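Worksheet: the structure to be examined is printed underneath.
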Amino acid sequence: MTTQPATPAHNEPQTGAGPAPRTLTEDELSRLLENQQFGVLASVRGTGHPHLTTVLYSWDAEERVVRVSSTADRLKPRQLRTDPHAALHVQGPDAFSFAVAEGEAEVSVPAAVPGDAVSRELLSLTPGFEDPDAEGAFLAQVVADRRVVIRIRVSRLYGTALDVPAAD
């Protein structure tokens, strides 16, 4: 006795029936990176396994550099000094889009003096301070925290979007 494969009911969605993901252009990817603040930074552990962590980042499209603030003794900077391969995954404005920025990371020396080059670069990652005393306190704090800048020089950008029609 042979049986016929079941066919889906008329109103049930069929696998593969929806739109295919659309590859984002370089401009769309850059805008997505520019419009978001948080991403997932992937580095490589000594075992070869990925290490993922949510980070606040800044994207410089002109330089093609992602900047992340961290402290000198955290795992991310230690791993990136050993193996500089890194990727930042950024969720788009909906669950159907994303961008990934891949490249090699470099880790700055820790901020040593309030107002030095590293602390000024860290300051550039903030919205800024109207009060000079608040800015001075920030610059002193990055030195006390031994903050560093992780710079990912992006060699590859990729991502997709799934253009799903809006529900009525």
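Values computed for the structure shown
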quantity	calculated
Residues of the range 135-168 classified as out of contact with any Lys or Arg (no Cβ under 6 Å at 6 or more places or on another chain), open to solvent by less than 40 Å² (accessible area, probe 1.4 Å) and small (Gly, Ala, Ser), total	2
Matching residues in the range 26-66 - criterion: being of a type in the set (Lys, Arg), over 20 Å from residue 121 (Cα atoms) and in contact with a strand residue (DSSP E or B) (Cβ under 7 Å, 6 or more places away or on another chain)	45
Contacts under 6 angstrom Cβ, first residue in the range 18-42 being closer than 19 Å to residue 104 by Cα and polar (S, T, N, Q), partner part of a loop (DSSP other than H, G, I, E, B) and open to solvent by 20 Å² or more (accessible area, probe 1.4 Å), 6 or more apart	30/61
Of residues in the range 74-91 being out of contact with any strand residue (DSSP E or B) (no Cβ under 7 Å at 6 or more places or on another chain) and part of a helix (DSSP H, G or I), the one surrounded by the fewest Cβ atoms within 10 Å (Cβ to Cβ)	82
Qualifying residue in the range 19-39 (condition: among the small types (Gly, Ala, Ser), outside any strand (DSSP E or B) and farther than 17 Å from residue 97 by Cβ)	no
Residue 103 being without any contact (Cβ under 8 Å) to a residue 24 or more places away in the chain, open to solvent by less than 40 Å² (accessible area, probe 1.4 Å) and either part of a helix (DSSP H, G or I) or out of contact with any Gly (no Cβ under 9 Å at 6 or more places or on another chain) (or both)	no
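Yes/no matrix, rows are residues, columns are (1) under 11 Å from the mean Cα position of the chain (by Cα); (2) open to solvent by 60 Å² or more (accessible area, probe 1.4 Å):
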| site | (1), (2) |
| --- | --- |
| 41 | yes, no |
| 44 | no, no |
| 50 | no, yes |
| 67 | yes, no |
| 71 | no, no |
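The values are calculated or read from the model by the stated rules, or taken from the named source; none is laboratory data. Quick caveat, the model's predicted, so the values are computed rather than measured. Neighbour counts run over all protein chains shown; Cβ positions are idealised from the backbone, glycine included. The accessibility values were calculated without ligands, DNA or RNA, using every heavy atom of the protein model including side chains. Shrake-Rupley method; radii C 1.70, N 1.55, O 1.52, S 1.80 Å.
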